[in-house]
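The values are calculated or read from the model by the stated rules, or taken from the named source; none is laboratory data. Computed from a prediction, not measured in an experiment: that's the story for all the values here. Cβ placement follows ideal geometry from the backbone for every residue including glycine, while neighbour counts extend to all protein chains displayed.
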């Protein structure tokens, strides 16, 4: 084990760089292992090496049957061969004081907790977000890439392993591109090191518009116009050979020559025809300022060997259509993503080729009993990290009904995850540097704190967003929400704030009448003014425009829970939580259900739902008051008094009158809640 000669996959000796004390595993390039800087001789068997890599990247023990299926096609004795491979790995990895190959009857794992593994370092860094990594660390991470992931380790007659290997190579190529992009951005523009990073970036991502525009920008700043023109011509031939439009990059280059620095490529590169929209240079060069961009790659049918068609294609088309209806995102058209998929372009590469912020992909599988499983993954393209993944295992109660429900969940989850990432990114930027999109998401971050001071900050950012872009419907809707909160929480004069909420909602509708958030904002504003029937019409219009709009379903529950149909309130509350199970307004969804149950006389159940609402970390005083009254009606007086005491610590004069004044309950509900308030001293 102390031998200083490392044998690569092709058994050729290699020189390995010295590392710090301990065990080190290199996967980015030919597989190599060293201890205390001394290379270890690995077994010549490709399957032993493949087993090592697979175990090292697995976050948990792997079943023996799965490993046999992975590495052996039709072996005589797969478990025997697996035991032989493990014995070879033990000779390399096990130490007198530490057993690293951990095998039981059912599973196998490798203990590398104290080891340096280059692939794991890269994965950890990108998962945390490459944008926040310092320059020196980026350089070190880039140096890890000595070649393709497990270079030369393809195995004949092991299709499952080769499929996994191809996916990992795509993944780490995307990570490398993200790191090189950050290096190019953080190094002095025009420096030799920056150009070296750009060249590597273009080598591994030749169809990434940002890479080409960054290179053109850097060359132009150094006065190398002839080099720019030569690169432009060569790149155009490359794009055209793949059937991709080069028009947006040409438009951006014209802006660069006119003196404008282009920092972002347009979303939806291949959606743009090269000749029929000549007057859109500015839009093409600058992209969509007020929407994140998303590509949904065609889902595949796993049972068909990864082929597309049937249920998978239908689900993809449905998801694209529903996401577009939210009108929050710039969603790449179906034709473009299907065209790339037909050429075998992987999701990560497609995201860069299309120059989008996010890319979603998935697979559909049926087992022998026809049970359906749908797996979905959402990737942040520039950071090369997975921000959300889910597997759906619905009950088989009719294919179309099942797929409709899955589609709703996927669309809502994708939209929510993107909003979360955009909010978190905006909060880290200096306020003076925010564009309209970023100011809007900064406003959301403050709005969801649900305090008077944070609501005021949210209002400031939404106002900034609509000043920067008066056509930004969602920003107007957000501004309406802050005025609504001021009125509902009695943080300001109710009539004045109700008028302002309605005015902002009207501006949202004027900006984009088909945006569900605009109708949602108007529905809430009309409710404040006591116009319940009109409010319900606007809210219904919001969910008709986008059946996946969780806040629309929640607000329908909110209005119906007070003086409408309590049964519909419960149904809408349940559906809003199905669509957005971790929503910042989850306390309201739960509270509306509790109030509807009170009106149905189901006090015990109402108390349980109200407690769940009050347990949410951002629940405000009105939610606590719902819990207090519901507990009182359920006969849980001590718990109800405890909530009442909590409210009165900050609002000593708070009573049931204040609680009832916040809502618009029907007379029967008013009588019930007054009775509950008397039982716990809130009368």
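Looking only at the range 546-574, residues that are in contact (Cβ under 8 Å) with a residue 24 or more places away in the chain and crowded, with 20+ Cβ neighbours inside 10 Å come to 19 in all.
Quick one: which residue in 233, 252, 226, 166 is closer than 26 Å to residue 342 by Cβ and assigned to a helix (DSSP H, G or I)?
166
Would you be able to say whether some residue in the range 115-124 is in contact with a helix residue (DSSP H, G or I) (Cβ under 7 Å, 6 or more places away or on another chain) and assigned to a loop (DSSP other than H, G, I, E, B)? No, the range 115-124 contains no residue that is in contact with a helix residue (DSSP H, G or I) (Cβ under 7 Å, 6 or more places away or on another chain) and assigned to a loop (DSSP other than H, G, I, E, B).
Note on the range 76-111: residues that are at pLDDT below 85 and either touching a helix residue (DSSP H, G or I) at 6+ places or on another chain (Cβ under 7 Å) or under 13 Å from residue 49 (Cα atoms) (or both) amount to 2. Here residue 90 meets each of (1) under 25 Å from residue 202 (Cα atoms); (2) surrounded by fewer than 18 Cβ atoms within 10 Å (Cβ to Cβ); (3) in contact with a strand residue (DSSP E or B) (Cβ under 8 Å, 6 or more places away or on another chain) with one exception, condition (1). Out of the residues in the range 108-124 meeting the condition of being in contact with a strand residue (DSSP E or B) (Cβ under 9 Å, 6 or more places away or on another chain) and under 20 Å from residue 174 (Cα atoms), tell me which one is surrounded by the fewest Cβ atoms within 10 Å (Cβ to Cβ). Among residues in the range 108-124 that are in contact with a strand residue (DSSP E or B) (Cβ under 9 Å, 6 or more places away or on another chain) and under 20 Å from residue 174 (Cα atoms), the one surrounded by the fewest Cβ atoms within 10 Å (Cβ to Cβ) is 120.
One line per residue, one yes/no per condition, for (1) more than 25 Å from residue 131 (Cα to Cα); (2) assigned by TED's automatic domain parsing to the domain that holds residue 316; (3) crowded, with 24+ Cβ neighbours inside 10 Å; (4) free of Cβ contacts under 8 Å to residues at least 12 places away in the same chain:
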position	(1), (2), (3), (4)
384	no, yes, yes, no
388	no, yes, no, no
402	yes, yes, no, no
435	no, no, no, no
442	no, no, yes, no
449	yes, no, no, no
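When every residue of the range 355-368 is checked against the conditions, none turns out to be without any contact (Cβ under 8 Å) to a residue 24 or more places away in the chain, touching a helix residue (DSSP H, G or I) at 6+ places or on another chain (Cβ under 8 Å) and either more than 29 Å from residue 394 (Cα to Cα) or outside the structural domain of residue 413 (by TED's automatic domain parsing) (or both).
Just so you know, in the range 458-507 the residues that are assigned to a loop (DSSP other than H, G, I, E, B) and closer than 28 Å to residue 661 by Cβ include one that is farthest from the chain's Cα centre (by Cα), and it is 493. For the range 82-110, what are the residues that are under 40 Å from the mean Cα position of the chain (by Cα) and part of a strand (DSSP E or B)? Selection gives 98, 101, 102, 103, 107, 108, 109, 110. Please go through the range 515-545 and give me each residue that is in contact with a helix residue (DSSP H, G or I) (Cβ under 8 Å, 6 or more places away or on another chain), touching a residue at least 40 places away in the same chain (Cβ under 8 Å) and within 14 Å of residue 564 (Cβ to Cβ), ordered by number. Once the filter is applied, which keeps residues that are in contact with a helix residue (DSSP H, G or I) (Cβ under 8 Å, 6 or more places away or on another chain), touching a residue at least 40 places away in the same chain (Cβ under 8 Å) and within 14 Å of residue 564 (Cβ to Cβ), the range 515-545 yields 527, 532.
Condition check: assigned to a loop (DSSP other than H, G, I, E, B) and either touching a residue at least 12 places away in the same chain (Cβ under 8 Å) or farther than 15 Å from residue 55 by Cα (or both). Does residue 73 satisfy that? Against the criterion (assigned to a loop (DSSP other than H, G, I, E, B) and either touching a residue at least 12 places away in the same chain (Cβ under 8 Å) or farther than 15 Å from residue 55 by Cα (or both)), residue 73 qualifies. Among the residues of the range 596-605, are any more than 23 Å from residue 491 (Cα to Cα), touching a residue at least 12 places away in the same chain (Cβ under 8 Å), within 34 Å of the chain's Cα centre (by Cα) and outside the structural domain of residue 407 (by TED's automatic domain parsing)? Within the range 596-605, one or more residues are more than 23 Å from residue 491 (Cα to Cα), touching a residue at least 12 places away in the same chain (Cβ under 8 Å), within 34 Å of the chain's Cα centre (by Cα) and outside the structural domain of residue 407 (by TED's automatic domain parsing).
One line per residue, one yes/no per condition, for (1) within 26 Å of residue 359 (Cβ to Cβ); (2) surrounded by 18 or more Cβ atoms within 10 Å (Cβ to Cβ); (3) free of Cβ contacts under 8 Å to residues at least 40 places away in the same chain; (4) touching a strand residue (DSSP E or B) at 6+ places or on another chain (Cβ under 6 Å):
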{"position": "170", "(1), (2), (3), (4)": "yes, no, no, no"}
{"position": "182", "(1), (2), (3), (4)": "yes, yes, no, no"}
{"position": "192", "(1), (2), (3), (4)": "no, no, yes, no"}
{"position": "207", "(1), (2), (3), (4)": "yes, yes, no, no"}
{"position": "210", "(1), (2), (3), (4)": "yes, yes, no, no"}
{"position": "227", "(1), (2), (3), (4)": "no, no, yes, no"}
{"position": "231", "(1), (2), (3), (4)": "no, no, yes, no"}
{"position": "235", "(1), (2), (3), (4)": "yes, yes, yes, no"}
{"position": "257", "(1), (2), (3), (4)": "no, no, yes, no"}
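When the criteria are applied in full, residue 176 fails the requirement of being modelled with pLDDT of 90 or more, outside the structural domain of residue 340 (by TED's automatic domain parsing) and over 18 Å from residue 144 (Cα atoms).
Taking the criterion of being modelled with pLDDT under 55 and in a helix (DSSP H, G or I), would at least one residue in the range 257-270 satisfy it?
Yes.
Within the range 455-474, being in contact with a helix residue (DSSP H, G or I) (Cβ under 6 Å, 6 or more places away or on another chain) and touching a residue at least 40 places away in the same chain (Cβ under 8 Å) holds for 466, 469, 471, 472, 473, 474.
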